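First the structure, in the form of structure tokens, and then the observations on it.
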Amino acid sequence: MTRILAYRFSAFGDVAMTAPVFREFLEQNPDVEIIMVSRSNFEDLFADIPNVIFKGINLDDYKGFFGLRRLSNELIKEFNPDLIANLHDVIRTKILDKIYRRKGLKVFKINKGKEEKEKLTDVWNLDKVQLKKTVERYADVFREMGYKVELSHQLRPKSVEKSGIGFAPFAQHKGKMLPLDKSFELVKILAQKQSIYFFGGGKAEKETLEQWENMIPNTKSLAGKLSLKEELQAISELEVMISMDSANMHLASLVGTRCVSVWGATHPFAGFLGFGQSDNDVVQVKDLTCRPCSVFGDKECYRDDWACLEELNIQKIIDKI
């Protein structure tokens, strides 16, 4: 059994995207075991994947070069890996790579396509093209090791009985989030015919969604009430999820639930559409030449009017549903 030590510490959605890749890679290469090192609270993303051992850590315990050296020694002692897969490629993991190379281990790392993404998000570049999907970039790391990996890009529904619509109206950055008044109107319309379940995290989001639950019949807020495991189960039982370009889209992919995704400053061209999700379920303002202006939605709007979100007609989302 070959042991691959893989690491990716953040962000939530990016870590979630590794899980379907691991599943299909390990099905095609049953003589391999993956040790996934990530933040402890991400453990449930990998709970049911055979041949994955999850090692949760608290990064605050391993600060600086000496902390990372201690982490690398602990991981070698506990798991004795044959190969290293750096699925993150940030300063912290570059240091780990260096330490492992010095110990004689072969290290393979993700090519994030930084230059292509910079070109894609240049607002003056009118020649926008689809870049390689992030899940394929993860698979490339294993291909470089010499393994064969064919990703299906198909959803695998976990639950047979499905009902209701999930709605996750929040995202980490303003550039990825439908204005809340539009989201509220959307829910009012959809809740006339369907049960709507709200997803979110954090105090402010929880309060907003509980207000909506009180104001709109046929809605229920699950924000802050579920563990990650319970949340994945709840999403698996939905008929469809509506999400921004955020972690909830990737959680839907993980449990095989169709997701209608809303994109503003970001764009599926950057490669972050959820695994197995359809381009037909993408909702976006198409005739803005400045899009995408950001890979992660964290930049200020250079036009100053957030047209990519303000001009998005919620009827487009209703039509997909």
Can you list the lysines whose alpha carbon is less than 27 Å from that of Lys119, not counting same-chain residues fewer than 8 positions off? Lys94, Lys109, Lys128, Lys132, Lys133, Lys174, Lys176, Lys286, Lys299
For each of Thr266, Thr93, count neighbouring Cβ atoms within 10 Å of the residue's Cβ, then give the residues from fewest to most. Thr93, Thr266
Nearest 20 debye, what's the magnitude of the dipole of the chain about its Cα centre given +1 on Lys and Arg Cβ and -1 on Asp and Glu Cβ? 1020 debye
Ranked Ile35, Ile318, criterion: other C-beta atoms within 10 Å, fewest first: Ile318, Ile35
Let's test the formula: R0 of 25 Å, r as the Cβ-Cβ distance of Glu27 and Glu230. What FRET efficiency results, to the nearest 0.05? 0.45
What order do you get for Met244, Met177 when you list them from fewest to most C-beta neighbours inside 10 Å? Met177, Met244
Reduced to Cα centres, the span from region 264-312 to region 1-60 in Å works out to 29 Å
Once you list every other residue whose beta carbon is under 15 Å from the beta carbon of Gly64, what net charge do they have if Lys and Arg are +1 and Asp and Glu are -1? +4
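Given R₀ = 25 Å, what would the calculated FRET efficiency be for Gln211 paired with Val285, taking r from the Cβ atoms and rounding to 0.05?
With a Förster radius of 25 Å, E is 0.35.
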Subtracting the Cα-Cα distance of Arg303 and Ile189 from 0.36 nm times their residue separation yields 38.0 nm
Count the net charge of all other residues whose Cβ sits under 12 Å from the Cβ of Ser227, scoring Lys and Arg as +1 and Asp and Glu as -1. -2
Neighbours of Leu238 by Cβ distance under 9 Å: Lys/Arg at +1, Asp/Glu at -1, summed charge 0
If N is the number of residues in the chain, what value comes out of its Cα radius of gyration divided by 2.2 N^0.38 Å? 1.03
Rh by Kirkwood over Cα pairs, then Stokes-Einstein D for region 2-144 at 1.002 mPa s and 20 °C, µm²/s: 134 µm²/s
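Read-outs throughout are calculated quantities, based only on the coordinates presented, and are distinct from any laboratory measurement. Please read these numbers as outputs of a predicted model, since none were measured by experiment. As a convention, Cβ positions derive from the backbone with ideal geometry for all residues, glycine included, and neighbour counts pool all protein chains shown.
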